[in-house]
Amino acid sequence: MPSVDGTTLRIVAINRGDASASLIKAWVDSEYLAAATKVQLRNDSDAIIHPGSQLITFDIVPLLDEDDSYRSSLEMLNFVIQNKEPPRTEIRFHIFQSDGRFVVQGISLDAEQLFSLLRSNADRCSAVTVVNFENGCIGRGTPPEERFPTESDSIPQGLVDDLEKRINRQQEAAAINASQDG
């Protein structure tokens with residue numbers, strides 16, 4: 001059973017064989033999250049899966065900034081409230097078995113798990129001062145005119161105003177920093 005706790009994914013790997021297997025790669029296959037979303041092992045030694053069972057912990061790093069993550073978490077909350085299936089999102093694991101075979105196994109994330117992931121990512125990115133691809137808080141790269149919900153979206157107007165104010169403050173601070181540096 002997978003456990004999603006914010007941006008942390010924990011799984012129990014069970015190796016029923018008598019030799020070790022290797023975790024080659026983990027990635028996101030999603031209709032919602034970008035393929036650039038990172039699924040990183042927290043401890044490299046966990047890449048070797050010995051016979052028996054072991055807990056493996058991953059960090060999930062979506063390529064979303066604080067505002068994109070917050071807005072997306074509200075979208076997932078809408079799926080939870082309406083009891084609807086969210087866009088397909090799976091975390092897949094490429095495993096090399098001791099007999100030379102490769103296996104790809106995956107787990108699906110439901111709306112509640114995606115809500116928790118996106119909300120925690122918004123909190124994580126709020127503490128990041130220098131954004132880059134390593135910390136993933138660079139955002140989707142959407143143009144400013146497309147960053148806000150349209151009339152057809154079900155996000156309350158007060159929230160849109162708050163998000164717009166926060167983004168404007170961030171842009172003003174970045175402009176001031178750029179003028180001081182230049």
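The values are calculated or read from the model by the stated rules, or taken from the named source; none is laboratory data. The shown structure was predicted, so the numbers you read here are calculated from the model rather than taken from an experiment. Because the Cβ atoms are built from the backbone with ideal geometry, glycine has one as well, and the counts that use them run over all protein chains shown. What goes into the accessible areas is simple: the full protein's heavy atoms, side chains included, and nothing from ligands, DNA or RNA. Shrake-Rupley method; radii C 1.70, N 1.55, O 1.52, S 1.80 Å.
Values as computed for the structure displayed
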{"quantity": "Neighbour net charge for D29 - beta-carbon separation under 14 angstrom, K R +1, D E -1", "calculated": "+2"}
{"quantity": "Separation in nanometres of the label points that stand 7 Å from Cα toward Cβ, at D46 and Q82", "calculated": "3.4"}
{"quantity": "Accessible solvent surface per residue of the range 1-153, calculated while the other protein chains remain in place, 1.4 angstrom probe, Å²", "calculated": "56"}
